[in-house]
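Notes follow the structure.
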Amino acid sequence: MAVSGKARVDHPTRPRCRGTMMSKAYDRELGMGRDITRRDFLNGVAVTVGGSMLSPQKLDKSADPWFGYSSPQEAYYPPAATGMRGSHTGSFEVAHGFRDGRTWAGEDSGERYDMVVVGGGLSGLSAGFFFHDNAGPGSRVLILDNHDDFGGHAKRNEFSYGDRTLLLNGGTSNLEATNHYSTVARTLLATVGLDLERAEAADATSRSFYRSLGLTGSTFFSREIFGDDRLVTGSASGFGPNGDRQGWLAQTPLSENVRRDIVRLEEIGATVDGWSDLSDGERKTRLARMSYATFLLEHARVGPEVIPFYDDRPKGLFCVGIDALPALYAWAMGYPGFQQLDLQPLSRVGPLTHIGGGQHGRERQFSGGPTIELPDGNATLARLLVRAMIPDALPGSTLEDSIMAHLDYSRLDRDDSSVRIRLNSTVVRVQHRGSPENASEVEVTYVGRDGAARTVHANHVVMACHNDMIPYICPEMSPEQKSALGYGERMPIVYTNVLIRNWTAFTNLGVRSVTCPGMYHSNFSLGRALEIGDYNPPRSPEDPMVLHMTRTPCAPGLPKKEQHRRGRRDLLETTFETFEHNIRDQIGRSLSGGGFDPARDIEAITVNRWPHGYAYSYDTLDDPIEWALFEDDDRPCVIGRQRFGRISIANSDAAATPHTDAAIDEGYRAVGEQLLTRSRAGI
C-alpha cells in the first residue's frame, strides 16, 4: 500500500545510527510502507516485520523470476527480478549444507557429456566456449550453476518504468585496462562480438552527456560521523571543481585541526624521521609492511579524526578501509602523504605495476588502456558468450543488438542442444570413476531447485566455481591442494541499484555522484547513460533513472581475512528491510537540499549482495611480499589450480585476482589441460 510522505526528509536534531531502525513515524516518512517490489527474507526464512512473523505464503514473491507466470519455462526471466539478488535465497543453502557435512546420494540421470563445467560465471562460460569450439560441434557440454541466472558476478539488473527499460550492472562492473588483456582474452571478446573500440565509443556517450549538464562529484558528511549533515560539491579525493582545497574544506563540518592536517598531508606530506638512511627499496619495503592508516597516524602524525575522511577510498578495489591497505599500495595509487620520502617512480615493466594482485592489477597507471562500462556491466559479455554457444537463445549478431535483445531462458537447457546451461543446480560432489590417474570418466552430482540430487557423467570436468568450495566437492584431492584452494577469503561487496521516478534533485544540486564517508553505502551515483543500439537511456532529469550504490562491510582493526569473514556474515544476516531503510535514509538525507523525497521518488530496489564477492588477491601486509609482487609458483593459487586427473580448475580465484581477463585466461588454461588429456587418451 502506498503511503504519502512529507517532502522534508532532513532531521538535523535527530541522532542516527547506521544499520538501526528508528521511529515508525520516520519509517513512514522514508516510505518504508510503500508497496514496492522487495524481499523481506533472512536466508529464505520469514523474518519479523512490524511485530509479526510472516509465513512464506504471505511474502511478496515478485522477486522470484517464476512469479506470476502460468508457464515458467517460457516466461522465466531473472534479470527483471528485484529485491534481494546476487547471492539470492536458494543459491547458497545447499552449498552451506555440504560444507557443514550433509551428503546427498544422487540418482543417475543417464546423461553423458564430453565436458561438464561447474560454475556458470565468466570463467565457466568461457571454459564451455573454449572446449566446444576446440573439441568440435559434435561435443556435448553441460554448464551447471547454483544461481537462477548465468554470469556469476556479471549479472544484469533490468527495471521497467512506464514504457522504458533501464539497465545497470548487478555485479562485475567493467572491462578494465583492456590494453593489458592477453591475446586469448582479447580474441575471445572479438570472437563473441564485443568489439572494444565500439564499446569504448558507446561508453564515451555516457560521460559526455553528464559533462554537458555540468554535473560533478560531491561529498556528504553525515552527522553520525562528522557531527553534521552537509552536502559539499566536490570530493574527498579531488576537492572542489576549481582545485581550491582550503576553500572546499571550509565548507565542510570538519574541525579546524582536521582541515589543517588534511592540507598539510595533501600539500607537504609527512615529515618522517628515521628514513633518511634507508635506500629506496628499503623505504618501499617498510611501507609494504605497514597500513596506510598506520602511516598517517604514526608517521604523518595526523589526528585520528582525519582517518574517516580517507577511510573509504580503497573499499571499491580492496573491500577494506585504510587500516588494512598497505601503505605501499596507497603510495602507488597516488594517495597523499609520501611527498618527502622521495620515492623513485615505479618501473613501467617492474613487478610493482601488478599491485592489487595478478593479471594487470593497477597497470592502468602505465597506459593500461580504457576502462569500458556497458549499460549492464560485464553481463553483456556473459550474454554474448551464451549467444555464441546457444545462438537461438539470444537473437541478433552484434554487440549493439544484444543490449535490448530478450534472452529466452527456456532455450538454455534442451536435450537437442550440444551446449546446455542448467541453472539452480548446486554441485555437491565431483569424483573420478576409478583412480584419478587412470579413470576415463568423472561423476558429477548436483542438487536441483526441486531438492533432488542427480548424477551426470563426463569425460572431463572444469571446476570454475569458487575455489574454496572445491575441497568439499572433490574429496579425492590431496590435503596440500585442498589447503591451497582454501587459502583465500573472497571479499564481500554489495551493488545496490535503486529506480527513482526522476533525477531532478541531482540537477538541482549540480551533482552526478555522492561520496558518503563512513555511511552504510560508501557512495551512490546516477546510472550509466550510454547510447548503444536500441537502448534508450535517460536524457531528461524528468526521466526515470537507476542509481548505483556500493557497500563493503568491514570490521576495522582486524586482519584482512577476518574482516572479509565478518563482512560475509553481515551480508548473510542482514534483511532486505534493513537495507531498504538505510538506502532510503542515506539518499533522502544526502539529497534533501535538491528536493528528493524517498517516500515519493523511490520506485524499486535491487540489492545485489555478494558475500563471496571479489576473488582474494595477495597483499604485502597480510601475505608474503613475493606472493603479492611476483608470479611465484609457491603461491596458493598456483598449487591449488593444478590439474587433478580429468578435473581442472578455473575461476579468477586460480589467478588470485578479481579481474575479468583473469577469469577468461584461467578458463582457457583449464580447458587446455583437459584437451591435452583428451588428445593423449585418443578421445
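Of the residues contained in region 74-87, none is found to be farther than 28 Å from Val444 by Cβ, surrounded by 19 or more Cβ atoms within 10 Å (Cβ to Cβ), in contact with a Lys or Arg (Cβ under 8 Å, 6 or more places away or on another chain) and modelled with pLDDT under 85. Between Ala484, Ala529, Ala505, which is farther than 29 Å from Ser87 by Cβ and small (Gly, Ala, Ser)? Exactly one of Ala484, Ala529, Ala505 is farther than 29 Å from Ser87 by Cβ and small (Gly, Ala, Ser), namely Ala505. Among the conditions (1) without any contact (Cβ under 8 Å) to a residue 12 or more places away in the chain; (2) more than 24 Å from the chain's Cα centre (by Cα); (3) open to solvent by 50 Å² or more (accessible area, probe 1.4 Å), Leu213 misses just one, which is (1). Looking at Leu188, Leu167, Leu194, just one residue is in a helix (DSSP H, G or I), touching a residue at least 12 places away in the same chain (Cβ under 8 Å) and under 30 Å from Phe130 (Cα atoms), and that residue is Leu188. Of the helices (runs of 4 or more DSSP H) entirely within region 459-572, those holding at least 3 residues that are of a type in the set (S, T, N, Q) and over 19 Å from the mean Cα position of the chain (by Cα) occupy 504-509. Checked against (1) surrounded by 23 or more Cβ atoms within 10 Å (Cβ to Cβ); (2) out of contact with any Phe, Trp or Tyr (no Cβ under 7 Å at 6 or more places or on another chain); (3) within 30 Å of Asn169 (Cα to Cα), Gly593 meets all criteria but (1).
If you check Gly269, Gly281 for being at pLDDT 90 or above and open to solvent by less than 30 Å² (accessible area, probe 1.4 Å), only one passes: Gly269.
Confirm whether Arg230 is over 30 Å from Ser126 (Cα atoms) and charged (D, E, K, R). Taking the combined requirement at face value, the residue satisfies it.
Return the residues of region 634-671 that are surrounded by fewer than 17 Cβ atoms within 10 Å (Cβ to Cβ) and either touching a Lys or Arg at 6+ places or on another chain (Cβ under 8 Å) or not in a loop (DSSP other than H, G, I, E, B) (or both); say none if nothing qualifies. Within region 634-671, Val638, Ile639 qualify.
Condition check ((1) farther than 16 Å from Tyr113 by Cα; (2) open to solvent by 20 Å² or more (accessible area, probe 1.4 Å)) across all residues:
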site: Leu394; (1), (2): yes, no
site: Pro436; (1), (2): yes, yes
site: Ser440; (1), (2): no, yes
site: Ala452; (1), (2): yes, yes
site: Glu476; (1), (2): yes, yes
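The residue that is farthest from the chain's Cα centre (by Cα), among those in region 118-159 that are of a type in the set (A, V, I, L, M, F, W, C) and part of a helix (DSSP H, G or I), is Ala135. Restricting Asp100, Asp108 to those that are without any contact (Cβ under 8 Å) to a residue 24 or more places away in the chain, open to solvent by 10 Å² or more (accessible area, probe 1.4 Å) and among the acidic types (Asp, Glu) reduces the list to Asp100. Out of Ser218, Ser206, Ser222, one residue alone is buried (at least 17 other Cβ atoms within 10 Å of the Cβ) and touching a strand residue (DSSP E or B) at 6+ places or on another chain (Cβ under 6 Å). It is Ser218.
Could you please find all residues in region 264-317 being within 30 Å of His659 (Cβ to Cβ) and touching a Ser or Thr at 6+ places or on another chain (Cβ under 8 Å)? Across region 264-317, the qualifying residues are Ala288, Arg289, Asp312, Arg313, Lys315, Gly316. Would you confirm, using the coordinates I've provided, whether Thr371 is open to solvent by less than 10 Å² (accessible area, probe 1.4 Å) and among the hydroxyl-bearing types (Ser, Thr, Tyr)? Judged against the criteria, Thr371 is not a match. With respect to (1) part of a helix (DSSP H, G or I); (2) in contact with a His (Cβ under 6 Å, 6 or more places away or on another chain), the lone exception for Glu577 is condition (2).
Residue count for region 536-569 satisfying the condition of being among the acidic types (Asp, Glu) and closer than 22 Å to Asp27 by Cα: 0. Pairs meeting the criteria (first residue in region 592-621 and within 22 Å of Thr660 (Cα to Cα) and modelled with pLDDT of 95 or more, second residue assigned to a strand (DSSP E or B) and open to solvent by 10 Å² or more (accessible area, probe 1.4 Å), beta carbons under 6 Å, at least 6 apart or on different chains) are Asn608/Arg85; Asn608/Tyr495. Among residues that are modelled with pLDDT of 95 or more and either within 23 Å of Ile532 (Cβ to Cβ) or open to solvent by less than 40 Å² (accessible area, probe 1.4 Å) (or both), Arg383 is included.
Only one of the numbered conditions (1) outside any strand (DSSP E or B); (2) free of Cβ contacts under 8 Å to residues at least 24 places away in the same chain is violated by Asp261, and that is (2).
Here is the figure for region 303-328: residues that are open to solvent by 10 Å² or more (accessible area, probe 1.4 Å) and either within 21 Å of Arg259 (Cβ to Cβ) or among the aliphatic types (A, V, I, L, M) (or both) total 9.
Just need a number here: residues in region 213-223 that are assigned to a helix (DSSP H, G or I) and modelled with pLDDT under 95.
Residues in region 213-223 being assigned to a helix (DSSP H, G or I) and modelled with pLDDT under 95: 0 in total.
Condition check for Leu676 on (1) assigned to a helix (DSSP H, G or I); (2) in contact (Cβ under 8 Å) with a residue 12 or more places away in the chain: one failure, at (2). Counting residues in region 511-532 that are in contact with a Pro (Cβ under 8 Å, 6 or more places away or on another chain), under 19 Å from Arg646 (Cβ atoms) and surrounded by fewer than 22 Cβ atoms within 10 Å (Cβ to Cβ) gives zero.
Candidates in region 170-183 are the residues that are crowded, with 17+ Cβ neighbours inside 10 Å and assigned to a helix (DSSP H, G or I); of these, the one that is modelled with the highest pLDDT is Thr178.
Kindly check whether there is at least one residue in region 409-422 that is part of a strand (DSSP E or B), open to solvent by 10 Å² or more (accessible area, probe 1.4 Å) and not hydrophobic (A, V, I, L, M, F, W, C).
Here is the first cut: in region 409-422, the ones part of a strand (DSSP E or B) are 419-422.
So of that shortlist, the ones also open to solvent by 10 Å² or more (accessible area, probe 1.4 Å) come out as 420, 422.
From the residues that got through so far, the ones that are not hydrophobic (A, V, I, L, M, F, W, C) too are 420, 422.
Yes, because at least one residue in region 409-422 is part of a strand (DSSP E or B), open to solvent by 10 Å² or more (accessible area, probe 1.4 Å) and not hydrophobic (A, V, I, L, M, F, W, C).
The values are calculated or read from the model by the stated rules, or taken from the named source; none is laboratory data. Everything numeric in this text was worked out from a predicted model, so none of it was measured. FYI the Cβ positions are ideal-geometry reconstructions off the backbone, even for glycines, and counts take in every protein chain you see. The protein model used for the area step is the full one, side chains on, heavy atoms only, and it has no ligands, DNA or RNA in it. Shrake-Rupley method; radii C 1.70, N 1.55, O 1.52, S 1.80 Å.
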